[in-house]
1. Any idea what diffusion coefficient the range 54-188 gets from Stokes-Einstein, in µm²/s, Kirkwood Rh on alpha carbon pairs, 25 °C, 0.890 mPa s?
2. Per the Debye formula with a single identical scatterer at each Cα and no solvent contribution, what log10 I(q)/I(0) holds for the range 1-133 at q = 0.10, 0.18 Å⁻¹?
3. So what's the gap between the Cα centers of the range 152-172 and the range 47-93, to the nearest angstrom?
4. Hey, what's the chain come to in accessible area per residue, 1.4 Å probe, Å²?
5. Label point 7 Å out from GLU62 along Cα-to-Cβ: which residues of the range 183-207 have amide N under 16 Å?
6. On the protein heavy atoms, probe 1.4 angstrom, tell me the percent of accessible surface of the chain carried by carbon and sulfur.
7. Using a Cα distance threshold of under 27 Å, what count of lysine pairs results for the range 45-173 when pairs must be 8 or more residues apart or interchain?
8. For the range 1-65, what D do you get in µm² per second when you plug the Kirkwood radius from alpha-carbon pairs into Stokes-Einstein at 10 °C and 1.306 mPa s?
Amino acid sequence: MNVSAWCIRNPIPAMMLFVLLSFAGLLSFKAMKVQNFPDLDLPTVTVSASLPGASPSQLETEVARKIENAIATLQGLKHMTSKVQDSNVTITAEFRLEKPVQEALDDVRSAVSKVRTDLPGDLRDPVVTKLDLAGSPILAFTVNSAQRDDESLSWFVEDTVAKRLLSVRGVGAVNRVGGVSREVTIALDPVKLQALGATAADISRQL
């Protein structure tokens, strides 16, 4: 039986079938769930280390390079990037897709633990975590006010907006990017520091 010839001789059933299929497709499309961040297990591991009061050059030579050298010898490593900012070092190691995520995580932890004794004693224990796309922030808001200055607006976001957002079910964390943060500036006297035999890093650690 020729289906095309039968549809030409009987166009009404063919048109009704086409309409029903189109209607069912639209309903299915609307009911289909869309996930912005699919559940993918990428073999990407992040190492975060913090050394309060350290300069960027000190972090690069005493922390970042030593951890990089330890991770560089791991099998299956594809790409590695480092970022030094605000007394923190973040190293991201990307492995080949065929390498299991848990194996990559264990290898990086083992490599970091081997060089832990070579790192500065004041360094906080490095945190090794895997890349979690599903746990990434998916909402971003911009806050602006003509009546508040930068200080009061930043405090309003941290003290009021963040607390209310954290009370919403399903919200795990709220981070403020931008604005200003309260800080204290201390001017050191080089002569007195030299007389005491202290350095700026020693004062920073005491504070």
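The values are calculated or read from the model by the stated rules, or taken from the named source; none is laboratory data. Small disclaimer: the values here were computed from a predicted structure and weren't measured. Cβ placement follows ideal geometry from the backbone for every residue including glycine, while neighbour counts extend to all protein chains displayed. Calculation scope for accessible area: heavy atoms of the full protein, side chains included, ligands and nucleic acids excluded. Shrake-Rupley method; radii C 1.70, N 1.55, O 1.52, S 1.80 Å.
1. Details: Rh = 18.3 Å.
For these conditions, the coefficient is 134 µm²/s.
2. -0.49, -0.95
3. The two parts, judged by their Cα centres, are 32 Å apart.
4. Values: 15910 Å² over 207 residues.
Solvent-accessible surface per residue comes out at 77 Å².
5. Those under the cut-off are 198-207.
6. The computed percentage sits at 56.
7. For the range 45-173, the number of qualifying lysine pairs is 14.
8. Details: Rh = 18.6 Å.
This corresponds to a translational diffusion coefficient of 85 µm²/s.
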